[in-house]
1. Determine whether the range B:289-304 contains at least one residue that is acidic (D, E), touching a residue at least 40 places away in the same chain (Cβ under 8 Å), within 13 Å of chain A (Cβ to nearest Cβ) and in a loop (DSSP other than H, G, I, E, B).
2. Mind checking whether some residue in the range B:173-191 is of a type in the set (D, E), more than 8 Å from chain A (Cβ to nearest Cβ) and closer than 26 Å to A:K420 by Cα?
3. For residues that are part of a loop (DSSP other than H, G, I, E, B) and among the hydroxyl-bearing types (S, T, Y), scanning just the range B:372-409, find the one that is nearest to B:I102 (Cα to Cα).
4. Taking the options A:P441, A:P466, name whichever one is away from chain B (no Cβ under 11 Å) and outside any strand (DSSP E or B).
5. All but one of (1) within 13 Å of another protein chain (Cβ to nearest Cβ); (2) over 18 Å from the mean Cα position of the chain (by Cα); (3) surrounded by 20 or more Cβ atoms within 10 Å (Cβ to Cβ) hold for A:G523; which doesn't?
6. Name the residue, out of B:S209, B:S203, that is within 20 Å of A:G557 (Cβ to Cβ), more than 7 Å from chain A (Cβ to nearest Cβ) and crowded, with 16+ Cβ neighbours inside 10 Å.
7. Under 6 Å between Cβ atoms, at least 6 apart or on separate chains: pull out the pairs that start in the range A:462-483 with a residue that is under 17 Å from A:E285 (Cβ atoms) and end on any residue that is among the hydrophobic types (A, V, I, L, M, F, W, C).
8. Filter the range B:248-265 for residues that are polar (S, T, N, Q) and outside any loop (DSSP other than H, G, I, E, B); which is nearest to B:L171 (Cα to Cα)?
Amino acid sequence: MKIWAVASLCGALGASPLVAASTQAPLLTPRDSALHALNRLAYGPRPGEVDRVAAAGVMQWIDRQLSPDKIDDAALTERERQFKILEYDAGELAGMYVDARRERQEREASRDRDSVGARHAAPLPQRMDPSQDRGRRLAGELQELAVVRATLSERQLYEVMVDFWINHFNVFLAKGADRFLTPSYIEATIRPRALGRFADLLIATAQSPAMLFYLDNWESVAPGSTPPQAMRLRARPLFGRAPQFGRPPLFDPGRDPMRADSQRQRALERMPKGVNENYARELLELHTLGVEGGYTQQDVIDVARIFTGWSMGRPQQGGDFEFHEWAHDYGEKVVMGVTFPAGHGRDEGMCLLKLLANHPATLHHVSRQLCQRFVNDDPPDGCVDDAVAAWKRTEGDIREVLRAIFTSPDFWAAPNVRAKIKTPLEFVVSAARALGADPDPTPRLAQVVARLGEPLYLHVAPDGYPEREAAWVNSGALLDRMNVAVALAAGRLPGVAVSIDAIVPATADPAQLIAAVNAQLLGGTMSENTKAVIGHQLSDISDPLQARALAIGLAIGGPEFQRQ
Amino acid sequence: MKSGGLALFSLGLDPLFLARAALAVPPTAGPPDRRILVCLFQRGAVDGLNMIVPHGDPLYYRERPRIAVPEHDVVDLDGHFGLHPRLAALQPLWNNGSLAAIHAIGSPDSTRSHFDAQDYMESGTPGAKATPDGWLNRYCQHDREHQNTPFRAVAFGPQLPRILAGSAPSLAIDDLQAFGLRAPQPAARDRLTRAFEELYAGSATGLLSTSSQEAFEAVQMLKQVNPGQYQPANGADYPRGRFGKAMMQIAQLIKADVGLQVAFADVTGWDTHVNQGSSEGQLAARLAEFGQALAAFARDLGDKLRDVVVLTMSEFGRTVRENGNSGTDHGHATAMLVLGGPVNGGKMLGKWPGLDPANRFEGRDVAVTTDFRDLFAEILARHLGATDLATIFPGFTPDPARFPGAIRA
């Protein structure tokens with residue numbers, strides 16, 4: 001059966017662009033197209049899912065995935081309750097980190113005073129530091145939560161898009177305050193808008209403390225501007241304390257007046273003194289227009305000037321977005337030929353973000369990235385054009401842009417099927433899903449993803465984890481994937497319980513075993529060579545359980561399963 | 001051999017070399033080049049002023065009443081600078097001319113963010129974040145002569161660092177002994193390895209095919225190296241811990257002659273904001289481990305050090321003045337070490353700007369007088385024979401007139 005025949009099953013789409021696709025007549029069977037959709041819109045099929053999606057109609061399944069709020073996800077919701085990190089807000093998380101750091105510093109200070117101990121003792125291994133442990137535990141919880149959601153959610157496309165935006169609007173979990181600002185960035189900034197309008201997502205990230213901190217905009221001020229705290233500091237008499245103004249002081253001078261003055265000096269020195277271009281540049285280069293989007297260095301500077309004063313409450317308290325009038329540059333700016341007249345405040349930043357969100361270069365840049373994710377590392381122009389057209393028509397409704405990609409002939413074209421290599425996250429999660437595995441709430445499965453090269457939320461550069469296969473395929477990484485596959489098949493991978501009996505029953509017949517592994521885990525894509533190699537390996541193994549573990553390990557660690 | 005699929009093995013031909021022959025890579029002329037570069041990253045920003053101490057400068061003592069290394073503890077090098085006492089193990093290398101130090105080196109970018117500064121030092125493009133690959137990888141891309149070994153570029157750690165990211169093949173090895181398939185018994189491991197090798201040889205395409213070939217060749221070569229059986233030579237005593245182990249494994253690979261040309265390892269723990277200590281203390285303990293590992297490495301290599309250059313780097317230095325917590329904050333320029341047979345050693349390199357506040361960067365930090373790319377470029381050109389430096393450091397014009405003179409002519 002051809003894809004256009006499948007399409008005719010899905011009344012939900014009505015007169016969809018798929019009519020155009022039908023003229024291409026891609027040679028995919030219903031099972032093949034179900035497998036393709038499950039590989040790209042989801043983290044791979046679970047046992048039996050290819051058949052279920054094929055029977056119900058792949059376009060109908062896609063349509064459902066585009067409306068995640070209509071998909072019941074109660075089992076995942078129940079599972080999420082195990083993650084304490086969801087119960088804390090940024091302020092509470094910040095408090096934990098600040099307390100932990102203070103404890104650590106006090107411990108270090110007392111250790112250092114103990115000169116005999118300090119003289120010959122080797123530095124303590126890092127894992128013995130409980131405050132660091134607490135930070136690591138929260139980070140581990142956050143990473144595991146992402147893996148659990150990807151594995152168990154029924155709203156698969158939604159989780160895939162959350163991952164896409166997390167990387168598009170990358171922040172780095174290990175940079176200072178982002179340790180405790182990232183959880184709310186994920187929960188409150190990205191997740192509610194993952195299938196909404198691009199402009200809303202862009203504005204939300206621009207105002208998110210995690211991004212303001214990560215790309216330094218919170219410290220970007222008009223040159224010559226003076227923060228109210230600095231005026232207070234300067235106003236204080238030497239050797240004395242000024243009255244409090246309701247806010248906590250920047251420092252506690254304590255009882256030592258000399259120390260108080262040097263601390264005051266340091267506090268004044270630390271105050272931001274000018275424009276920081278970091279966010280402005282990445283906003284243009286990565287978030288919106290793209291590196292070839294036609295902007296100049298002067299545009300970057302004026303964008304940075306527009307965002308002066310876009311700041312936050314004190315990061316160490318998990319502060320929220322604040323606009324600081326005193327820090328804003330009220331002069332005239334020109335960005336890509338558009339004049340922003342003098343005298344405007346926060347409103348000109350909002351205006352600029354809307355302008356960028358609807359700029360043709362942004363439409364093309366972000367559409368192309370979506371096609372890289374869903375179609376091919378090097379996407380054909382056709383699907384990008386389809387996405388851009390939908391973007392224009394719907395003013396950046398992400399859901400409709402995606403629909404255009406999934407109904408584009410390119411999405412279904414044979415050269416793009418199995419053309420992408422799984423990222424480590426996709427590999428681990430798809431393997432777990434294929435085996436009907438259940439990740440436990442410990443961070444161990446997320447650590448497997450990290451070991452394979454993708455520690456979540458820890459991509460240091462602002463471009464996020466790459467979509468190119470060259471970034472993921474290297475010799476050490478492949479050996480590691482093979483080891484993970486073998487351990488998972490043998491039920492030895494920590495952090496996850498597998499239930500293989502229901503999927504591939506143990507059998508003494510190698511041919512039957514190979515056929516089951518091919519059908520259940522590889523969706524029927526197993527090559528003749530793979531069948532021969534596995535068959536050969538099974539020839540002298542009499543224990544059916546051992547044979548099954550070996551066959552599954554080889555299948556998941558083998559080349560076919562690395563592709564999607 | 002049990003099946004036709006294994007016929008290649010029975011001929012004694014390595015399928016990888018057959019595949020490589022098909023790629024028509026021109027063979028290198030003459031004897032193999034054994035010159036090796038080892039890059040070490042002191043992550044966290046080492047305090048260059050307490051590592052290579054300007055003990056001849058009274059301002060050093062004035063600015064650091066609690067953490068300066070007392071003059072009588074410093075291991076003097078040239079009358080003005082000296083080693084931190086816990087680096088004393090390196091003194092013989094200085095004396096025999098195989099160790100040089102360069103001060104006031106760093107990035108033209110003014111960032112004091114660890115994260116940005118490390119990124120810039122590894123991408124080799126200060127100020128440009130979108131650079132997709134690292135400069136060591138770009139070196140490997142442009143110079144293909146060592147392509148016939150999977151061990152040409154190896155990072156010792158769980159991940160491939162930014163500096164080696166890119167299209168040229170490079171291995172990330174966390175532990176030589178654990179590199180490869182894992183199984184309870186050697187026979188089971190060999191069988192599993194062979195099975196995956198056959199799977200990939202017959203079913204993989206594209207990058208999956210080439211990378212898996214590299215992997216299995218590396219595993220095969222490692223088997224002969226027998227990483228579990230290594231004994232350092234000449235009584236070399238590596239310090240315990242991750243860094244000492246990495247240095248030992250680099251020495252092991254060098255001696256195993258597997259074609260290693262570029263090695264990389266991290267050494268952490270330099271972000272000394274609080275109670276960094278002076279002759280003893282926190283920083284001293286890190287320096288002791290660092291110096292001991294370098295000295296053991298040199299001793300272990302013996303004659304082979306002739307072909308090796310070790311380059312240490314750190315993202316920036318620390319404030320000249322000690323802070324209110326007997327530590328130092330993020331600064332600008334720092335010091336780097338260059339060690340090995342080809343090194344123009346026994347001398348301080350670079351231009352010392354002094355500690356006078358008027359000459360400091362933004363009034364507080366040691367100013368950068370040598371762009372780190374000038375040192376890196378010199379080592380690539382004069383030690384490894386790189387010719388296309390402009391490609392390795394885009395946006396930068398390397399000029400031999402600015403090379404600090406780290407490599408003997």
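1. Among the residues of the range B:289-304, not one is acidic (D, E), touching a residue at least 40 places away in the same chain (Cβ under 8 Å), within 13 Å of chain A (Cβ to nearest Cβ) and in a loop (DSSP other than H, G, I, E, B), which makes the answer no.
2. no
3. B:T397
4. Numbers: A:P466 fails: away from chain B (no Cβ under 11 Å).
Residue meeting the stated conditions: A:P441.
5. Single failed check for A:G523: (1).
6. Values: B:S203 fails: more than 7 Å from chain A (Cβ to nearest Cβ).
Answer to the check: B:S209.
7. Every condition considered, the pairs that remain are A:P462/A:L286; A:D463/A:L286.
8. Step one: filter the range B:248-265 for residues polar (S, T, N, Q), giving B:249, B:252, B:261.
Checking the rest, the ones that are also outside any loop (DSSP other than H, G, I, E, B) come to B:249, B:252.
Values: B:Q249: 14, B:Q252: 16 Å.
Here the residue is B:Q249.
The values are calculated or read from the model by the stated rules, or taken from the named source; none is laboratory data. On a predicted model such as this, the values are computed, not experimentally measured, just so you know. Please note: Cβ atoms are built from the backbone with ideal geometry, for glycine as well, and neighbour counts cover all protein chains shown.
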